[in-house]
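The values are calculated or read from the model by the stated rules, or taken from the named source; none is laboratory data. Being a predicted model, the structure only gives us computed values, none of them experimental. Cβ atoms come from the backbone with ideal geometry, glycine included; neighbour counts cover every protein chain shown.
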Amino acid sequence: MRRASADRGDVRRTLTLVRPAAGGVALSALLGAGAACASVGLLATSAWLIARASQQPGASALGVAIAGVQFFALARGLLRYAERLAGHDAALEALAALRVRVYERLEPLSPAALPGFREGDLLARFVHDVDALQDLLLRVLQPFAIALIAGAATVALLWWLLPAAGAIVLVALLLAATVVPWLTARESGRAPAQANLSSVTVEMLDGAPELLVNGALPGRLHTLARLDAELTRDDAAAARTMGSGRALVTLLTGLALWGTVLVAIHANLDPVLLAVVALVPLATFELVGGLPAVTSDLSRVRRSAERVQAVLDAPVPVHEPATPHPLPPAPVLRVRGLKARYGDTWVLDGVDLDLAPGRRVAVVGPSGAGKSTLAAVLLRFLDYEGSVTLGGTEIHAFDGDAVRTVVGLVAQDAHVFDTTLRENLLLARRDASEADLHDALDRARLLAWTDTLPDGLATEGGTAGHRYSGGQRRRIALARADLARFPLLILDEPGEHLDAKTADAVVADALEGGHGTLLITHRLTGLEAMDEIVVLEAGRVAERGTHDDLLDRGGRYAESWTRARNTR
């Protein structure tokens, strides 16, 4: 009982995802039912016409039946075309609305909440699972509605001709529309491996070079083969289940056919009407012949709907104000008693710092100390407790996008899009001129390199900028930040994965320009130029001061700096 209630709840939640298409689905179902009734009418009229013609009546006695055959034949084709048109239009409209809804939900989840989803799995949810929901409209709701309406009309016709025949067809239809789908649904309960297969494939393709270098590629290929075999077994099981369901429907069709013939003979029904009563069940059971497949589709659609709903129900990491405040004229960032967490775990606890244009602050500490979480809070990617003000106003009072026009970020991954160098730079400022682009490249020390490229700024960078080196990608990100003219700039591990010389050069160049700089790093070289250094440990401020002050104190920073210098 509890499981049945949960299933009904799942179905209702699934239906809410495609509610915008309700009117189109209803129209399509009515048109489809009309086409199905036309098919039954065509077979019934044809049977009557053939049986009556065998008695060799006058031509006038057959005129109405001949016109009826022509009418039902034309109506069936026209109604079927209109049904497909209305159904697919409703499905595509619902998919478009749902895809926009999912994207609008993903946007506030990025980037803080997206790590809760695997990259390939998230792609599968956005593409495959959303697409699967069109089957709810075209292959689940519509066939059931058509079978219900047209089946009821057919039973009413047979009941009018011969009540016993109508009762037999009614019982057979109910069994075919309820018991058979129930049995096939019980046999098709295993979840397919499609989502896992998509996730592993995407992740393996993205990380193929690293997997190959580390000798882990064969293991991932084995996992891929195992998931593919699992998906194949699931598909084979579904095919067997569907075949069993069709066989049961065929059996019920035969039993209904023979039953109606026997009761018609026993009732001494007119031979012409006997032909009608005998053949109408054949057209009727075409309506329920696909229902076993419908239940399998419903099970699959429900699983896809659950995965889409999980994205829509994911809690956003930051809440935007209903009425945002305008940005202040003075972009001074002041942090007092900052606390932030992911889930139930506090990642920052009591952090203070000040950042203004021209001021340079470094935040150092080991991995997991809370450095990147601090950046997420200052960029309005994560909610917080305590006080973080911009120009004297709490930043949660501002629109997040507006805050990010003042506070910029050069992330440690320095993402470069699969397009030209020019387009990658214009992301920062669409109205930038060629001179602006060249000036930004010059300040990032990339202009000489750009001049050596075969197509200059029109050179394609490839997927994730793989045609560029790590240092070049970092400098492209710096050039973008320079074009955006951020008053305050956060540099999150700008020297990560670079050799020491390149890392030092990238950091030194990033500090130029007069903007306020918050340097997040675990490298302790080049920090002599910072106005203040904040040492984080487990989310708390362990030490703070200038480079010389911290060395004089002989604390954690001094120990780490001495250790780093001795390992060079």
(request) Residue by residue through the stretch 312-326, note down the ones that are surrounded by fewer than 16 Cβ atoms within 10 Å (Cβ to Cβ) and either closer than 19 Å to E537 by Cα or touching a Gly at 6+ places or on another chain (Cβ under 8 Å) (or both). (result) E320
(message) If F285 satisfies all but one of (1) surrounded by fewer than 17 Cβ atoms within 10 Å (Cβ to Cβ); (2) of a type in the set (F, W, Y); (3) closer than 30 Å to A156 by Cβ, what's the number of the condition it fails?
(response) (1)
(request) Check Q70, Q56, Q134, Q142 and return the single one that is at positive phi, more than 13 Å from the chain's Cα centre (by Cα) and of a type outside the set (D, E). (result) Q56
(request) Name, by its number, the condition in (1) more than 28 Å from L524 (Cα to Cα); (2) among the hydrophobic types (A, V, I, L, M, F, W, C); (3) touching a Pro at 6+ places or on another chain (Cβ under 8 Å) that does not hold for L488. (result) (1)
(message) Looking only at the stretch 248-266, how many residues end up being within 20 Å of G151 (Cα to Cα) and surrounded by fewer than 15 Cβ atoms within 10 Å (Cβ to Cβ)?
(response) 4
(request) All but one of (1) more than 21 Å from P331 (Cβ to Cβ); (2) surrounded by fewer than 17 Cβ atoms within 10 Å (Cβ to Cβ) hold for D531, so report the exception by its number. (result) (1)
(message) Of the residues G259, G350, G245, G343, only one is of a type in the set (G, A, S), under 30 Å from E537 (Cβ atoms) and in contact (Cβ under 8 Å) with a residue 12 or more places away in the chain; which?
(response) G350
(request) Have a look at R443, R422 and point out the one that is at pLDDT below 85, more than 28 Å from G207 (Cβ to Cβ) and surrounded by 14 or more Cβ atoms within 10 Å (Cβ to Cβ). (result) R443
(request) Give A51, A47, A36 a once-over and let me know the one that is assigned to a helix (DSSP H, G or I), under 27 Å from V155 (Cβ atoms), among the aliphatic types (A, V, I, L, M) and in contact with a Lys or Arg (Cβ under 9 Å, 6 or more places away or on another chain). (result) A36
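For every residue, the table says whether it meets (1) part of a helix (DSSP H, G or I); (2) among the β-branched types (V, I, T); (3) out of contact with any strand residue (DSSP E or B) (no Cβ under 8 Å at 6 or more places or on another chain); (4) modelled with pLDDT of 75 or more.
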site: T184; (1), (2), (3), (4): yes, yes, yes, no
site: P192; (1), (2), (3), (4): no, no, yes, no
site: N196; (1), (2), (3), (4): yes, no, yes, no
site: S199; (1), (2), (3), (4): yes, no, yes, no
site: H222; (1), (2), (3), (4): yes, no, yes, yes
site: T232; (1), (2), (3), (4): yes, yes, yes, yes
(request) List the number of the failed condition for L287; all other conditions in (1) of a type outside the set (S, T, Y); (2) at pLDDT 85 or above; (3) not in a helix (DSSP H, G or I) hold. (result) (2)
(message) Can you find, within the stretch 197-240, the residue that is surrounded by the most Cβ atoms within 10 Å (Cβ to Cβ) among those that are hydroxyl-bearing (S, T, Y) and out of contact with any Leu (no Cβ under 9 Å at 6 or more places or on another chain)?
(response) T223
(message) Among the residues that make up the stretch 494-513, is at least one of them crowded, with 20+ Cβ neighbours inside 10 Å, in the same structural domain as P366 (by TED's automatic domain parsing), within 32 Å of the chain's Cα centre (by Cα) and at positive phi?
(response) no
(request) Look at A97 and say whether it is outside any helix (DSSP H, G or I), out of contact with any strand residue (DSSP E or B) (no Cβ under 6 Å at 6 or more places or on another chain) and closer than 23 Å to P315 by Cβ. (result) no
(message) Against the conditions (1) in contact (Cβ under 8 Å) with a residue 12 or more places away in the chain; (2) closer than 27 Å to G365 by Cα, where does K501 fall short? Just the number, please.
(response) (1)
(request) With the condition kept exactly as written, say whether any residue in the stretch 10-17 is part of a helix (DSSP H, G or I), free of Cβ contacts under 8 Å to residues at least 40 places away in the same chain and among the polar types (S, T, N, Q). (result) yes
